[in-house]
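Structure first, commentary second.
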Amino acid sequence: MTPQYINTLMENVTKTTTALRPSPDTPQWFALKVSRKETLATSILEKAGLRTYCPMAATDTTIQGKKVIVERPLIPNTIFAYAPFRHLNSIKNANPFITYCYKKVEGKYKILQVPAREMELFIDSSTKMKNDITYFHPEEVELKQGDRVKIVGGLFDGYEGTLLKAKGRAKRMFLINFEMLGALGTHIEPQYIRVIK
């Protein structure tokens, strides 16, 4: 199921809505909705020479009575592309199932662009968490109630985030919060965790 946060944060606007346009020729990361066609959209964009990212997560499922692990998009219907707006827009116009994601800024809708630093951290984090990853929208976590921690050693050495218990979940998780993209959570062995005071 698509998280409510994605539906809210990345809301598509109607043709009558005035959207704030990004710079036409500067490459940037954009969030795109792709109508359950993540693989096709990725293929189209990459054939056009663009860098793309579709975070994947290992998921248990049952096929013909047997439990198997398959990879599915972490954020359904959503992929990310790095490109100049002008180039991406021409590809989007030729493929109507690809649309921009939007956010509301000061009463106007703006095409969702993710800062490069945040996107690179999101890619690195989701890749490392792949086999034990949970995507959270802001309503699921209360960051102010968690401990600010730093990871020392292991796969996430040097990372900082929040250690907290999310609503409806038994175990405490290490969360990396993103300004634009919600939060990613994973379990980390206690010996790697240091509380930041």
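Being more than 17 Å from V114 (Cα to Cα), assigned to a strand (DSSP E or B) and β-branched (V, I, T): is that true of T52 here? No, not satisfied. Within the range 139-179, the set of residues being within 25 Å of C54 (Cβ to Cβ), out of contact with any Gly (no Cβ under 6 Å at 6 or more places or on another chain) and either at pLDDT 65 or above or crowded, with 17+ Cβ neighbours inside 10 Å (or both) comprises E140, V141, L155, F156, Y159, G161, A166, N177, F178, E179.
Restrict the check to the range 115-122 and report whether at least one residue is farther than 15 Å from P55 by Cα, among the charged types (D, E, K, R), surrounded by 13 or more Cβ atoms within 10 Å (Cβ to Cβ) and at pLDDT 90 or above. No, every residue in the range 115-122 fails to be farther than 15 Å from P55 by Cα, among the charged types (D, E, K, R), surrounded by 13 or more Cβ atoms within 10 Å (Cβ to Cβ) and at pLDDT 90 or above.
Which of the residues spanning the range 39-49 are in a helix (DSSP H, G or I) and either under 11 Å from A81 (Cβ atoms) or over 18 Å from the mean Cα position of the chain (by Cα) (or both)? Result: L40, A41, T42, S43, I44, L45, E46, K47.
A quick yes/no check of all residues on (1) assigned by TED's automatic domain parsing to the domain that holds E179; (2) at pLDDT 90 or above:
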site: N93; (1), (2): no, yes
site: S126; (1), (2): yes, yes
site: M129; (1), (2): yes, yes
site: D132; (1), (2): yes, yes
site: H137; (1), (2): yes, no
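Considering only residues that are buried (at least 18 other Cβ atoms within 10 Å of the Cβ) and of a type in the set (F, W, Y), which ones fall in the range 54-92? Residues satisfying the conditions are F80, F85.
The values are calculated or read from the model by the stated rules, or taken from the named source; none is laboratory data. Because the structure is a prediction, the values reported are computed rather than measured. Quick reminder, even Gly has a Cβ in these numbers, built from the backbone with ideal geometry, and neighbours come from all protein chains shown.
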